Amino acid sequence: MLIKIPRGWERPEREATDESHFLQRRRLVKSLAAGPVLLASAATFLTACEEEAKAEPDPTADLYPVKQNLRYRLDRPLTDEAEATKYNNFYEFGSHKQIAKRAQAMKIRPWQVRIDGMVEQEQLLDIDDLLRRMPLEERLYRHRCVEAWSMDVPWSGFPMKALVDLARPLSSARYVVMETATDEETMPGLAQSWYPWPYIDGLTIEEATNELAFLVTGAYGKPVPKQMGAPLRLAVPWKYGFKSIKSIVRFTFTDKRPLNFWEAVQGAEYGFWANVNPEVSHPRWSQASERLLGSGERVPTRLYNGYGEFVAHLYKDLAGEKLFM
Ligand code: MTE
């Protein structure tokens, strides 16, 4: 007997848009676009549809959904897509959580990714070529923000190790530093000149090639939405969320430990390692528990966010370092 077990993010058929409604909606959009709109309710409808119509089609949409890698699973339910995509940290678009709408203005094609620094040869990669070369898979990961909320997301993407292999770093390189795009036209947050733009963050080469380090290109079975860091973002689930840098345009290999964005803003509160540890409080709040996005339930936080078996060995000789801030 064939039993179909729906994946956490799969929507039941009854929730999908009925085809006749879909076609009706398309016809309405066309007719509204053709002439002046008199009805206020129709005008409201047009605004929402217009946004959808304006969005350029993602040239990699055909790649999703990708096959799930069952090695990375969760022991708690996935966060609802609607919740995870409307409560976001992306300071380039503002220092609050409701940036999803604004982020839609970000242009994500053409998009190039530079690989430079201590590598055999610098490279400039087109995102669409890169995605088609990489081994895409889906992983269910926890995400624990330093602000003590968390979510559980089906990310699609590829192991960061594949990118490090492609980059061919010199043996003297010890870190990889990532940088977010800066576009003053679409990112109003960049005008807040007290922040040290561009947003950067880094990992040691050992961390970047650890099997958990994942470069995200999709979420919930589709290309990753702009507010979550399209077209390429990091997921390092054993670390606080600020390490998971969004909308990456550059990977620089270096022998110098970088000062990440939040460390540069407030070094007494945020550090390079930022590994999750419920026993090490943030200077202003406890890290012992976390609030699940969506249900609002509070649950205990786990050392390395529950991923100790994968990563604890990376830190065994670093006792003198501030590993948990
Ligand atoms: N990357 C950039 N470029 N800018 C940011 O403000 N915020 C970080 C991280 N990556 C941030 C970023 C923080 S603090 C968190 S918790 C996560 O993104 C939030 O990811 P989410 O919006 O997908 O939940």
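Things worth noting here:
Rundown of residues vs (1) away from the ligand (no atom under 16 Å from the Cβ); (2) over 19 Å from the mean Cα position of the chain (by Cα); (3) open to solvent by less than 50 Å² (accessible area, probe 1.4 Å); (4) within 30 Å of Ala162 (Cβ to Cβ), yes/no style:
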{"position": "Arg250", "(1), (2), (3), (4)": "no, no, no, yes"}
{"position": "Pro258", "(1), (2), (3), (4)": "no, yes, yes, yes"}
{"position": "Ala274", "(1), (2), (3), (4)": "no, no, yes, yes"}
{"position": "Glu279", "(1), (2), (3), (4)": "yes, yes, no, no"}
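- Note on the range 263-315: among residues that are aliphatic (A, V, I, L, M) and touching a Phe, Trp or Tyr at 6+ places or on another chain (Cβ under 7 Å), the one that is nearest to Ile245 (Cα to Cα) is Ala274.
For every residue, the table says whether it meets (1) crowded, with 22+ Cβ neighbours inside 10 Å; (2) near the ligand (Cβ under 10 Å from one of its atoms).
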position: Ala230; (1), (2): yes, no
position: Trp238; (1), (2): yes, no
position: Lys243; (1), (2): yes, yes
position: Thr254; (1), (2): no, no
position: Phe261; (1), (2): no, yes
position: Gly267; (1), (2): no, no
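- Among residues of the range 170-193, those that are surrounded by 18 or more Cβ atoms within 10 Å (Cβ to Cβ) and in contact with a Leu (Cβ under 9 Å, 6 or more places away or on another chain), counted: 4
- Per-region count, the range 194-248, residues closer than 17 Å to Leu314 by Cβ and among the β-branched types (Val, Ile, Thr): 4
- Counted residues, the range 158-169 - those being open to solvent by less than 10 Å² (accessible area, probe 1.4 Å) and assigned to a strand (DSSP E or B): 1
- Of all residues in the range 141-159, exactly one satisfies the criterion of being more than 15 Å from the ligand (Cβ to nearest atom) and not aromatic (Phe, Trp, Tyr), namely Pro159.
- Elements of type strands (runs of 3 or more DSSP E) in the range 65-157, at least 2 residues being aliphatic (A, V, I, L, M) and surrounded by 16 or more Cβ atoms within 10 Å (Cβ to Cβ): 112-117
- Test: residue in the range 298-314 that is surrounded by 21 or more Cβ atoms within 10 Å (Cβ to Cβ), away from the ligand (no atom under 15 Å from the Cβ) and assigned to a loop (DSSP other than H, G, I, E, B): yes
The values are calculated or read from the model by the stated rules, or taken from the named source; none is laboratory data. Values in this document were obtained by computation on a predicted structure and should not be read as measured data. Cβ: placed from backbone, ideal geometry, glycine included. Neighbour counts: every protein chain shown. The area values use the complete protein model at the heavy-atom level, side chains included, leaving out ligands, DNA and RNA. Shrake-Rupley method; radii C 1.70, N 1.55, O 1.52, S 1.80 Å.
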